[in-house]
Structures are given as C-alpha cells and as structure tokens.
1. When DSSP assigns beta bridges and you keep just the ones with both residues in the stretch 35-174, what percent turn out antiparallel, to the nearest 5?
2. Rounded to the nearest 20 Debye, what is the dipole magnitude of the stretch 19-124 about its Cα centre when Lys and Arg each give +1 and Asp and Glu each give -1 at the C-beta?
3. Shape of the stretch 121-274 from its Cα gyration tensor (a ≥ b ≥ c, root eigenvalues): rounded if a/c is under 1.5, otherwise prolate when a/b > b/c, or oblate?
4. What are the residues whose amide H is under 5 Å from the amide H of Tyr294, where those residues sit 5 or more places off or on another chain and H is modelled from the backbone?
5. Determine ³J(HN,Hα), in whole Hz, for all residues of the stretch 257-262 in sequence, where each value follows from phi through the Karplus function 6.51 cos²θ - 1.76 cosθ + 1.60 and θ = phi - 60°; x replaces Gly and Pro.
6. At 10 °C and 1.306 mPa s, what whole-number value in µm²/s does Stokes-Einstein give for the translational diffusion of the stretch 188-296, with Rh from the Kirkwood sum over Cα pairs?
7. Averaging sequence separations of C-alpha pairs under 8 Å and six or more residues apart, then dividing by the length of the chain, give the relative contact order as a whole percent.
8. Apply the Karplus parameterisation 6.51 cos²θ - 1.76 cosθ + 1.60, with θ equal to phi minus 60°, to every residue of the stretch 140-150 and state each ³J(HN,Hα) to the nearest whole Hz, in sequence, with x for glycine and proline.
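We did not get these values from a lab; they are worked out from the coordinates using the rules stated. No experiment lies behind these values; they were computed from the predicted model shown. FYI the Cβ positions are ideal-geometry reconstructions off the backbone, even for glycines, and counts take in every protein chain you see.
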Amino acid sequence: MTPPNLGRPTDDWTGSLLAKKLVEHSPNRQVHVVDLPWRLSSWAWPIAGQTKFWSTSNGDLHAWACLQTPFWSLDYATHPDAPPALTRELLSWADERAQALVSTPLGRPMWFTFAFADQTDVIQALEAAGFEPQTTAAEPWSMVLMRHDPSAIGTSTPVPTGFTLRPLAGASEVAAYVALHRGIFNSDSMTEDWRRTVLKDPSYAADLDLVITNPDGELAALCVGWLSGTGPGGRLSGQIEPLGVASRYRGRGLGRAIATECLRRMYAKGALDVYVETDSHGDAALSLYESVGYAVERTVIVLRKDYQPT
Ligand SMILES: CC(C)(COP(=O)(O)OP(=O)(O)OC[C@H]1O[C@@H](n2cnc3c(N)ncnc32)[C@H](O)[C@@H]1OP(=O)(O)O)[C@@H](O)C(=O)NCCC(=O)NCCS
C-alpha cells in the first residue's frame, strides 16, 4: 500500500508536546518514551479520526491514543491517576476506529500494541478488549527494551575504508534517506513528509541524525539518536531509533560503526542512560546491540487484534 500523502497540516506541535508530557509523567509505564518524537512525526499523527485526546473537566490531559498506520500499532498513554474506565473507553474508541478504517488506506487488517511483561493489569485490560499476546502465537513475537552499559563505550568503531560517517545533510537528503529506509525495512511506510517533519521536531538533534555513505557518496546506513530528560529529576536519557544498513553492505561493520558513534555522541551530550527497543529473538539487531554493550532491561509483550471488512 502506498501511504497517503497527508503531511502535517500545520507546524503546530501542541498535541505532540502534550502527548510527550503525559508519557514523560510516568516513563516506566510507557514502552515508547525517548523515541516518541519519531513516532509522533509520522503521517498518521495527528489525523482526526485516528488520534484522540481525553482531558479532565479542568483541562488536564488524561489520555491520548493514535492508530499509527505506518507502525501497524495502537500507540496510547494514560495518566497514572486515570480510572480503569478511561482505558476501557480508549480501547473501545480504538476498536471502533480500527473497524471503520479497515477498508481504507489508513486501515490495517491487524493492529498491534505493546506492554511491558510486568504490567499484568495493562495486559489484562488489552486482552479484555480482544488483543492477544503474541508470545504463544504460531509465529511468536515479543520485543525487548535494552539499556546500554556506559562503561562499554570507548572510542567509536571506525567506518570501513572508503565509507564516510556524517550527519544527514538536512532536507536536501530526505529523498535519499527515504529510499534507503524503505529498502532496509522492506516497507513503504516511510515518507518524505514524515522525514521532513522529524527534522522540525523541537527535540530533534541534527548531530544525532547519522548516515554512512559509500565510496560513491550514496547512503548506505542510517541511525537516529534521541534525547529526553525523562528520568528522576530530569535525568537525561537517549535512545536509538531507527538504525539500519542497506542489505548489500551488511556484515562489514557499518552497523557497529554508526551505533557506537551515535552512542558516543549521546553520552557527549550528557545522556546518562541510553536505550533501544528491538525484537527479542536472536537476530542480527539483537546481536549487534549486545555486541556494543546493550543488555536486556525489560521484556515487551506484543499484542494483536485482527479486523475484517464488514
Ligand atoms: C542489524 C543491522 C543494522 C546490522 O548491521 P551490520 O552492518 O550488518 O552489522 P555489523 O557488520 O556492524 O556487525 C556488528 C555485529 O552485529 C552482529 N551481527 C551482524 N549481522 C549479524 C547476523 N546476520 N547474525 C547475527 N549477528 C549479526 C554481530 O554481533 C556483529 O559483530 P561481529 O561482526 O563481531 O560478529 C542490519 O542487519 C540491518 O540493517 N538489519 C535490518 C534493520 C534492523 O533490524 N534494524 C534494527 C532495528 S531495531
């Protein structure tokens, strides 16, 4: 499916900043915290009918939800003081919207959502709303939040001879970035509008938006680092999202070089913890992250709900 060319209607970041603030209020309850700007720059946010905010009578934001079509994901957050009934209302709204969208370009035949394995109350609420944990599915899927060991960072690994590591050259390189991203992840969800929106996000740091070029100057690898003061007392945390290497250049050290340089830069900017989220099964990404000093901190349960056209 070719993504709709929606773009962000205005440069109004109010909704994103409120959503981010709610998530940062209780970061341990949320799977996406530091990398949230990446997700909130997507072309599904903040489309009416796809995104909803719930406020208390005095105007405080108590919940938000977004059917994130490019991620096939229901992203949401609730305030810790929000009553369980609000979560049920949110999930009921998402269910109604997912069914209404199923035959449109914004719909999906299945939606996924995520919860930490120790959040039994959250998982129970999702199961009650019809989501099924994929831990025991025919093709099991779960994820992990990994935290980097700062003592594992030394100097960054050099790039192979002929390749160059540098920041993305801003908007002029967005089209090349999108082509690389789509190839790496075998998906056309990434769009130029989305990537241009990322460049304008208030928490975007151009010097953490890294690429590696091949000897002809073409993009071969990408890695974006995010920073957010989400820990106790505003403790600065970092996260890598996304990271990838073009398939023809894999296994040559590009992934390690761009990951270690991004980590080095985040620590140099004051990050005290640096995270990444990835699939839990033993694939190349998990091995790469372990090899540069990451270790699993929390298991993330993936839950799925299917929809049929009526
Ligand atoms: C994961 C990925 C970035 C690795 O990039 P790469 O350039 O091939 O990795 P490197 O050559 O730098 O390898 C570094 C380490 O990663 C691990 N690794 C890389 N490829 C691997 C593979 N196919 N199987 C197992 N481990 C692998 C190894 O630990 C390796 O260290 P070693 O060479 O000492 O054995 C690349 O496979 C990729 O882009 N995959 C698709 C996108 C993706 O999954 N991104 C991560 C999403 S969170």
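1. If I count the DSSP bridges inside the stretch 35-174, around 85 percent turn out antiparallel.
2. About 280 debye.
3. Values: a/c = 1.64, a/b = 1.32, b/c = 1.24.
Prolate shape, in that a/c is at least 1.5 and a/b is the bigger ratio.
4. Asp149
5. With the stated coefficients, the stretch 257-262 comes to 5, 6, 5, 5, 5, 5 Hz.
6. On the way: Rh = 14.9 Å.
Using the Kirkwood radius from Cα pairs, D works out to 107 µm²/s.
7. 24 percent
8. With coefficients 6.51, -1.76 and 1.60, one gets x, 9, 9, 10, 9, 9, 10, 10, 7, 8, x Hz.
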